[in-house]
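See structure below.
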Amino acid sequence: MSILLCVIILLPLEQKKGGVCNLFRFHAFLTRLTFIETFNRHRRALRTRRARIVRSKTQRHDAMMSFARAPQHASVFFTGTKMNASRRHSSETSSTSSSSSSSSNRRAMRHNTIVRAEGDGDSKPSETPIAPAGTPVRKTSMLVIGATGTLGRQVVRRALDEGYDVRCLVRPRQNPADFLRDWGATTVSADLTKPETLPPAFVGIHTIVDASTARPEEDSYAIDWEAKKNTIQIAAAMGIQKYVFYSIDKCEKYREVPLMNMKYAVEEYLKASGMNFCVLRLCGFMQPLIAGYAVPVLEEQSLWGTDDDTKTAYLDTQDVAQMTMAAVRREEANGKILTLAGPKAYSVNQVIELCEKLGGNEAKVSKVPVLLLKFTRALTRFFQWSTAASDRLAFAEVLSSGVEFNSDKMAETYKILGMDESETTTLEEYMEEYFSKILKKLKEVGGESRQRDFYL
């Protein structure tokens, strides 16, 4: 508008003078005027933008202060350390002394803010949990981490049978876990060592069952500690309602064993997260005994054993899955650390004798002294390339102690889970079923078995 006004005023003057030099001067004047107008327009836009940023920061600050002063029992965001009670107390004290106008604003903000914790006084939590994005979350929505493992797949199958909507977190691979989808579960690809891939898998989930652990070729520290720590942080920040974690029996007593030390550290980390959790400490599974002892006895092959007296109360993974789902359903299991053990504890020699009795063959046992395992572990600790092997040989320290992996509180555990001990499969029943099926099949085909991975 200013440029057009100058043209209307100055153009007749230039026509009267008729000088070429004046025309050049007039053109330069218009150019400078155009630049000034453009500069002023950009400066006004910049001032408007700065004002919006300042208002936005002020609104965010007010919202954060209002959220911090709201009465809560647990923080939605988890920083990895225990919450400071004195800071919460000072925040609540300052909120009571604020002005009436700011109090009304805070009440309105709290009305629009979703808080995952229970309220004080007479306030009652919502019956249907609400995700941070405002989407209703069903209690039957479950995410299983490590769903392709020996235990994870049994948890998936049991949860589907009980009517849960199961989502399985699987690693990106060329051969996807099609059998999980065939059962009726959904799969989502994510990498536990890359935390940025986890949040999409947690959206709309009420309960997480973490059955993942490092494979022999993987870095145990990266999977069993770093990945677990990141997973718990993200789960707490996204408002997961319950987290079920599998640990190892007596992990607090054998901190010198790296894996047991990491399991115990994850337990403590989970306690400080503010989430509802349940830790299930396991003694041992029956399934690996098939490949380790039953098949070599049937095929009259040599098997390896130790000269220790360590006993383990083995459990069928199907029974562990049943106990897991009971822990998921029942509120009595919240915040509990439960040891899951079988009806009876067995040593390695007793397992071999049972396989010999049921298989009708005498086992060819090659025993390895525990002292040799301890010496090998001490030797491999000096080399970086053998650190992983040294960590796994650390269990020799446990074997040499002659400890019994069992629980004298299983009666209380069954009561918490609402189960009966008679529902649990014994090792004799499991082995009898296996040998009866295999021997019957061998008689039908008239051959011998060379398959090592048998799962009932």
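The values are calculated or read from the model by the stated rules, or taken from the named source; none is laboratory data. Everything numeric in this text was worked out from a predicted model, so none of it was measured. Note that we place each Cβ from the backbone using ideal geometry, even for glycine, and neighbour counts take in every protein chain shown.
The table for this structure:
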read-out	value
Tabulated pairs, region 228-246, first within 21 Å of Arg281 (Cα to Cα), second acidic (Asp, Glu), C-beta under 8 angstrom, 6+ apart or interchain	Lys228/Asp210; Thr231/Asp210; Tyr243/Asp210; Val244/Asp210; Phe245/Asp210; Phe245/Glu267; Tyr246/Asp210
Scan of region 417-456 for residues that are in contact with an Asp or Glu (Cβ under 7 Å, 6 or more places away or on another chain), at pLDDT 90 or above and not in a loop (DSSP other than H, G, I, E, B), ordered by number	Tyr430
Residues of region 194-221 that turn out to be closer than 22 Å to Val166 by Cα, touching a residue at least 60 places away in the same chain (Cβ under 8 Å) and of a type in the set (Gly, Ala, Ser), as a count	3
Extreme residue, farthest from the chain's Cα centre (by Cα), among residues of region 202-244 that are more than 16 Å from Leu192 (Cβ to Cβ) and of a type in the set (S, T, N, Q)	Gln241
Qualifying position, being buried (at least 16 other Cβ atoms within 10 Å of the Cβ), among the hydrophobic types (A, V, I, L, M, F, W, C), touching a strand residue (DSSP E or B) at 6+ places or on another chain (Cβ under 8 Å) and farther than 12 Å from Leu169 by Cβ, among Ile208, Ile232	Ile232
Wholly within region 180-296, strands (runs of 3 or more DSSP E) carrying at least 1 residues that are of a type in the set (Ser, Thr, Tyr)	186-189, 207-210, 242-248
Single unsatisfied condition, Gln241 versus (1) surrounded by 23 or more Cβ atoms within 10 Å (Cβ to Cβ); (2) farther than 19 Å from Met262 by Cβ; (3) not small (Gly, Ala, Ser)	(1)
Tally, over region 137-179, of residues that are modelled with pLDDT of 90 or more and in a loop (DSSP other than H, G, I, E, B)	12
Tally of residues being among the small types (Gly, Ala, Ser) and in contact with a Pro (Cβ under 7 Å, 6 or more places away or on another chain) across region 227-271	1
Hits in region 247-276 (condition: of a type in the set (Phe, Trp, Tyr) and closer than 16 Å to Leu192 by Cα)	none
Number of positions in region 169-198 that are farther than 19 Å from Arg153 by Cα and touching a helix residue (DSSP H, G or I) at 6+ places or on another chain (Cβ under 6 Å)	3
Inter-residue pairs, beta-carbon under 9 Å, first under 16 Å from Leu198 (Cβ atoms) and crowded, with 18+ Cβ neighbours inside 10 Å and in region 126-146, second at pLDDT below 50 and β-branched (Val, Ile, Thr), 6+ apart	Ala131/Ile114
Top-ranked residue of region 211-229 - restricted to ones that are in contact with a helix residue (DSSP H, G or I) (Cβ under 7 Å, 6 or more places away or on another chain) and charged (D, E, K, R), ranked as surrounded by the fewest Cβ atoms within 10 Å (Cβ to Cβ)	Lys229
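Rundown of residues vs (1) surrounded by fewer than 19 Cβ atoms within 10 Å (Cβ to Cβ); (2) at pLDDT 70 or above; (3) assigned to a loop (DSSP other than H, G, I, E, B), yes/no style:
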| site | (1), (2), (3) |
| --- | --- |
| Thr339 | no, yes, no |
| Glu353 | yes, yes, no |
| Ala388 | yes, no, no |
| Ser400 | yes, no, no |
| Asp408 | yes, yes, yes |
| Lys415 | yes, yes, no |
